[in-house]
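Novice: Handing you a structure now.
The values are calculated or read from the model by the stated rules, or taken from the named source; none is laboratory data. Being a predicted model, the structure only gives us computed values, none of them experimental. FYI the Cβ positions are ideal-geometry reconstructions off the backbone, even for glycines, and counts take in every protein chain you see. When the accessible area is computed, the model is the full protein with side chains, heavy atoms only, and any ligands, DNA or RNA have been set aside. Shrake-Rupley method; radii C 1.70, N 1.55, O 1.52, S 1.80 Å.
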Amino acid sequence: MSSNNNNLTTSWGAPVGDNQNSMTAGSRGPTLLQDVHLLEKLAHFNRERVPERVVHAKGAGAHGYFEVTQDLSKYTKANFLSEVGRRTPMFIRFSTVAGELGSSDTVRDPRGFAVKFYTEEGNYDLVGNNTPVFFIRDAIKFPDFIHTQKRHPQTHLKNPNAVWDFWSLSPESLHQVTILMSDRGIPATLRHMHGFGSHTFKWVNAEGAAVWVKYHFKTEQGVKNLDVELAAKLAGENPDYHTEDLFNAIDKGDFPAWRLHVQIMPVEDANTYRFDPFDVTKVWSQKDYPLIEVGRMVLDRNPENYFAEVEQATFSPGSFVPGIEASPDKMLQGRLFAYGDAHRHRVGANHNSLPINRPKADVKNYQRDGAMTHGNNGGGSVYYEPNSYGGPAESAQNKPAPFEVSGLADSSAYDHNDHYTQPGDLYRLLSEEERTRLVRNIVGAMAPVERDEIKIRQIGHFYKADPEFGQRIAEGLGLPAPSNP
Ligand code: NDP
């Protein structure tokens, strides 16, 4: 039932008589409690915000499609990757990590790169960053790490002391710190950066054979970064610079695109590769496992409503489809829990039934009720399993591929502790100008650290990556270069 007038209504659909003046007892009397339109309007306004994400709060999103350019069904049975030319609708949310909802876009920070593919077999979420690695490799360190990126509990100020104290005591962070402090730490726009799945995942084909896989989205716009002075100026003048750029580009039909590539590792290589392939602080050398193109992602539609789509979008690295599974990466294992949990807290138990998150595939299960239940909630259909009423049932061919485990249940550390070769390789592949800017950025970021002990410990890590790298930072900070780090 819809009316063809344009009357303003309450949320219960009744026409509103006056939306400019509250109802008062006489023209100068107090406002009446019986002005229920006023009560509802104020009460709803008080509830306009859902809790902001603890991390990745500031974001921008867009709709688009993914098109397969190379059939890799010999590696995965994932239906959306199965045929050249197959298109799958998707939604992406880019974000900064540490800042709050209203914080500036042009800060030095990794960028979230979260993609939701609405496949015919359910939603597949690839929840990555614009960097191929991460600061830590075990989820048990994540709350501590993020505390160092947030505000001091007393001053409510950002705290370089905490940042570098944690990093210097967690040398596995060195690779990501080096990338973050390089030119790529402040992208020119969200369109001019790559995206990475970062973790290792497992692909399984129709015969049940598995390979390990890493994802790389390569920007077709080319990598461009912001000059630090310009970034600082923009942070003050236009804190929404990246959000605005993405919206305007799509609005005028200049659709950004990325080529999705994968690296494929045979399962048995994981036991002998020179780095632990499940350690998210490491990359797999592209000389060992070259990039293989899979498809193209194009962003061609802006959200119609920021809150409904971008803010309420819920991504989880645990939203897999048949043919794509988890790896033993300990950071991924923790995220499999943490993301779904964050969304149940932030948006609610039924977050997957909101339009932006609702799969295009039919959802048939026995979940019922909960806050904000949409639709008919299954009506009177059978609401338990197993049952004799023809309700939806499991399909054994969609079980994850079985895999072997061994060893003692223990809180064991990663075996591989070379935190230095890969950041050193990165330093060595930079041009002299890029190295100069990298050193300048690090010196600028470390200068406010109160304790020399922290600075010296961190310089030792840079030195181990490459002696020249460590010496230049020590020099910039006016501290002795380590002779025997
Ligand atoms: P390769 O020479 O085969 O690859 C180097 C990679 O570095 C390319 O992906 C290149 O891709 C990327 N790159 C180039 N300049 C920069 C930069 N300023 N900041 C970040 N990335 C850059 O060597 P390897 O695969 O053996 O890797 C060597 C080092 O490159 C690694 O230690 C790692 O630090 C870095 N790297 C490696 C990646 C990988 O997946 N192997 C991915 C990204 C970085 P492009 O210029 O298109 O971005």
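Novice: Report yes if residue 349 is assigned to a loop (DSSP other than H, G, I, E, B), closer than 23 Å to residue 138 by Cβ and away from the ligand (no atom under 16 Å from the Cβ), otherwise no.
Specialist: On the way: assigned to a loop (DSSP other than H, G, I, E, B): yes; closer than 23 Å to residue 138 by Cβ: no; away from the ligand (no atom under 16 Å from the Cβ): yes.
Spelling it out, it is not the case that residue 349 is assigned to a loop (DSSP other than H, G, I, E, B), closer than 23 Å to residue 138 by Cβ and away from the ligand (no atom under 16 Å from the Cβ).
Novice: Tell me which residues, restricted to the range 416-443, are away from the ligand (no atom under 11 Å from the Cβ) and under 27 Å from the mean Cα position of the chain (by Cα).
Specialist: Passing the criteria: 416, 417, 418, 419, 441, 442.
Novice: Here's another thing I want to ask about it. Do you know which residues across the range 355-375 are over 20 Å from residue 115 (Cα atoms) and surrounded by 15 or more Cβ atoms within 10 Å (Cβ to Cβ)?
Specialist: 373
Novice: Turning to a different aspect of this structure: Working carefully through the options 429, 438, find the one that is within 16 Å of residue 466 (Cα to Cα) and open to solvent by less than 50 Å² (accessible area, probe 1.4 Å). Even if it seems obvious, please write down each step before you answer.
Specialist: Values: 429 fails: open to solvent by less than 50 Å² (accessible area, probe 1.4 Å).
The match here is 438.
Novice: Kindly list, by first and then second residue, each pair from a residue in the range 1-22 that is under 17 Å from residue 45 (Cβ atoms) to a residue that is among the acidic types (Asp, Glu), limited to pairs with Cβ atoms under 7 Å and residues at least 6 apart or on different chains.
Specialist: 10/40; 11/40; 22/35
Novice: Which ones in the range 211-244 are assigned to a helix (DSSP H, G or I), over 10 Å from residue 105 (Cβ atoms) and open to solvent by less than 60 Å² (accessible area, probe 1.4 Å)?
Specialist: First, the residues of the range 211-244 that are assigned to a helix (DSSP H, G or I): 228-237, 241-244.
Next, from what is left, pick out any that are over 10 Å from residue 105 (Cβ atoms): 228-230, 232-233, 236-237.
Within the range 211-244, just 228 meets the criteria.
Novice: Output the number of the condition that residue 192 fails; it satisfies all remaining conditions of (1) away from the ligand (no atom under 12 Å from the Cβ); (2) farther than 27 Å from residue 420 by Cα.
Specialist: Condition (1) is where residue 192 drops out.
Novice: Check off (1) outside any loop (DSSP other than H, G, I, E, B); (2) more than 25 Å from residue 110 (Cβ to Cβ); (3) more than 16 Å from the ligand (Cβ to nearest atom) for residue 336 and give me the number that stays unchecked.
Specialist: Among (1) outside any loop (DSSP other than H, G, I, E, B); (2) more than 25 Å from residue 110 (Cβ to Cβ); (3) more than 16 Å from the ligand (Cβ to nearest atom), residue 336 violates only (2).
Novice: For residue 247, which of the numbered conditions (1) within 11 Å of the ligand (Cβ to nearest atom); (2) surrounded by 15 or more Cβ atoms within 10 Å (Cβ to Cβ); (3) not in a strand (DSSP E or B) fails to hold?
Specialist: (1)
Novice: Additional query: Would you mind stating whether residue 291 is surrounded by 17 or more Cβ atoms within 10 Å (Cβ to Cβ), of a type in the set (A, V, I, L, M) and farther than 28 Å from residue 140 by Cα?
Specialist: Numbers: surrounded by 17 or more Cβ atoms within 10 Å (Cβ to Cβ): no; of a type in the set (A, V, I, L, M): yes; farther than 28 Å from residue 140 by Cα: yes.
Against the criterion (surrounded by 17 or more Cβ atoms within 10 Å (Cβ to Cβ), of a type in the set (A, V, I, L, M) and farther than 28 Å from residue 140 by Cα), residue 291 does not qualify.
Novice: Go through 352, 387 for me and flag whichever is in the same structural domain as residue 279 (by TED's automatic domain parsing), open to solvent by less than 90 Å² (accessible area, probe 1.4 Å) and out of contact with any helix residue (DSSP H, G or I) (no Cβ under 8 Å at 6 or more places or on another chain).
Specialist: Values: 387 fails: in the same structural domain as residue 279 (by TED's automatic domain parsing).
Going through 352, 387 in turn, the sole match is 352.
Novice: Pick from 155, 148: which is among the β-branched types (Val, Ile, Thr), without any contact (Cβ under 8 Å) to a residue 60 or more places away in the chain, surrounded by fewer than 24 Cβ atoms within 10 Å (Cβ to Cβ) and within 19 Å of residue 53 (Cβ to Cβ)?
Specialist: Details: 155 fails: within 19 Å of residue 53 (Cβ to Cβ).
The conditions single out 148.
Novice: Let me ask you something else. So, residue 279, is that one among the charged types (D, E, K, R), surrounded by 15 or more Cβ atoms within 10 Å (Cβ to Cβ) and either within 16 Å of the chain's Cα centre (by Cα) or part of a loop (DSSP other than H, G, I, E, B) (or both) or not? Break it down stepwise before answering.
Specialist: Working: among the charged types (D, E, K, R): yes; surrounded by 15 or more Cβ atoms within 10 Å (Cβ to Cβ): yes; either within 16 Å of the chain's Cα centre (by Cα) or part of a loop (DSSP other than H, G, I, E, B) (or both): yes.
Against the criterion (among the charged types (D, E, K, R), surrounded by 15 or more Cβ atoms within 10 Å (Cβ to Cβ) and either within 16 Å of the chain's Cα centre (by Cα) or part of a loop (DSSP other than H, G, I, E, B) (or both)), residue 279 qualifies.
Novice: Identify, by number, the condition in (1) outside the structural domain of residue 113 (by TED's automatic domain parsing); (2) exposed (fewer than 15 other Cβ atoms within 10 Å of the Cβ) that residue 378 doesn't meet.
Specialist: The single condition residue 378 does not satisfy is (2).
Novice: How about the range 69-91: which of its residues are buried (at least 21 other Cβ atoms within 10 Å of the Cβ) and touching a Lys or Arg at 6+ places or on another chain (Cβ under 7 Å)?
Specialist: Listed by number, the residues that qualify are 80, 90, 91.
Novice: Related question: Suppose the filter is in contact (Cβ under 8 Å) with a residue 60 or more places away in the chain and within 13 Å of the ligand (Cβ to nearest atom); does residue 261 pass it?
Specialist: Working: in contact (Cβ under 8 Å) with a residue 60 or more places away in the chain: no; within 13 Å of the ligand (Cβ to nearest atom): yes.
So residue 261 does not fit the description; no.
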